[in-house]
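Note sheet for the following structure.
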Amino acid sequence: MCARQIINVLQSNDINYMKIFLNNQLVNSEDAKVSVFDHGLLYGDGIFEGIRLYDGCIFKLEEHLIRLEQSAKAIMLEIPMDRSALREAVCKTCRANNLKDGYIRLLVTRGVGNLGLSIKNCHQPQIIIIADKIQLYPSEYYEKGLKIITVPTRRNNSAALPPTIKSLNYLNNILAKIEAQNLGYQEAIMLNDQGFVAECTGDNIFLLKEGTLYTPRIAAGSLKGITRQVVLDIADALNIPVQEEDITRYDTWVADELFLTGTAAEIVPIVEVDARSIGEGTPGTVTAQFLKAFKKKVSKDGVML
Ligand code: PXG
């Protein structure tokens, strides 16, 4: 490794040396600033995506960009860059930070306005791209499985704030996460206002029962997870029947296997729900098959830097 490369490695480990994409240019992290009048800060008015980079390949970038566009459309936000410019900006940010594996946070805020809810005074949405090393979940989660609980906080009602919009307003999920962590758990099941399982605070949920894979319908109040879709595709390839339907807490308690999916989490086996052990109380064999198939896909199915 030459001196320049060593400096690059040292620098990319330190957030002070990160390059951030902010409105059409790369800036040093200390210069990456947004206004206190940005409605993203004042009201959580904006949208985002969390994306993974695996071995120099951005996993499912196109799908993330499409979901971002749909979130934008839903909140009537015009992203001031088209898809190909965004694609290029994401790649550029990863390259500028010398990343091969990492986590990309792409945000679009409503931009600067005044101290009122109206979007009419917000003329310049802000595009921010942060690409950093990934903080992986502890390996213990995958080896031993995770214990979770159902929390009292219900998932947002779709008629109030559709959970399909990946907005900057995550308070609903954060309140649920606080409840879980207060009781010593790291993830939690959130029910919808009818009492059916919607999703977890930052992950989709799947269960296996008698050879069939079940997951809540999106209309139950879940995010249309990119990893969720990858798992549905894997189930298809493995000839495992899938049912998207209403799931109760009881269904989760008596499942043979249960797992969570998400960009950061990938596929995490669940071994206990609400103090009931799932299956044998150890990560399931079918879950392991899904994780293996997922790992095979990650460096193939995306955009090369
Ligand atoms: N449901 C919710 C509420 C999420 O936030 C998922 C499901 C899984 O979707 P994907 O497309 O990632 O398979 C998410 C995504 C974080 C973090 O910092 C969480 C997510 C994404 C990015 C960052 O905890 N969850």
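Computed values, structure above
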| item | result |
| --- | --- |
| Under 13 Å from the Cα of Lys300 - aspartates and glutamates, other chains or at least 8 residues apart | Asp55 |
| log₁₀ of I(q)/I(0) at q = 0.12, 0.14, 0.17, 0.22 Å⁻¹ - the range 15-132, Debye sum with one point per alpha carbon | -0.41, -0.56, -0.81, -1.25 |
| Accessible area (Å², 1.4 Å probe, nearest 10) - Leu183 | 120 Å² |
| Accessible surface of the range 139-299, 1.4 Å probe, proportion on carbon and sulfur as whole % | 50 percent |
| Sum of side-chain charges, Leu42 neighbourhood, beta-carbon under 15 Å (Lys, Arg +1; Asp, Glu -1) | 0 |
| Relative compactness, the range 119-190, computed as alpha-carbon Rg over 2.2 N^0.38 Å | 1.48 |
| The chain - accessible surface per residue (Å², probe 1.4 Å) | 49 Å² |
| Unit Cα scatterers, Debye sum, the chain: log10 I(q)/I(0) for q = 0.10, 0.12, 0.14 Å⁻¹ | -0.59, -0.85, -1.12 |
| Nearest 10 degrees, 0 to 90: helix 61-74 Cα axis against the chain principal axis | 80 degrees |
| Residue-level accessible surface for Met304, protein heavy atoms, 1.4 Å, Å² | 130 Å² |
| Shape parameters for the range 139-299, alpha-carbon atoms, Rg then Dmax in Å | 14.4, 40 |
| The chain: relative contact order as a whole-number percent, Cα under 8 Å and 6+ apart | 19 percent |
| Reachable aspartates and glutamates from Lys73, criterion Cα separation under 16 angstrom, eight or more residues apart if same chain | Asp45, Glu49, Glu63, Asp82 |
| Accessible surface of Tyr17 - all protein chains present, 1.4 Å probe, nearest 10 Å² | 120 Å² |
| Share of carbon and sulfur in the accessible heavy-atom surface of the range 20-111 [1.4 Å probe, %] | 52 percent |
| Probe 1.4 Å, all protein chains present, accessible-area order of His39, His123, largest first | His123, His39 |
| Computed [θ] at 222 nm, deg cm²/dmol, the chain (DSSP H ≥ 4; -39,500 (n - 2.57); rounded to nearest 500) | -9000 deg cm²/dmol |
| Listed residues Thr285, Thr261 arranged by accessible area, highest first, probe 1.4 Å | Thr285, Thr261 |
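The values are calculated or read from the model by the stated rules, or taken from the named source; none is laboratory data. None of the values given here were measured: they were computed from a predicted structure. Virtual Cβ from ideal backbone geometry, glycine too; neighbours counted across all protein chains shown. SASA here: full protein model, heavy atoms, side chains in, ligands and nucleic acids out. Shrake-Rupley method; radii C 1.70, N 1.55, O 1.52, S 1.80 Å.
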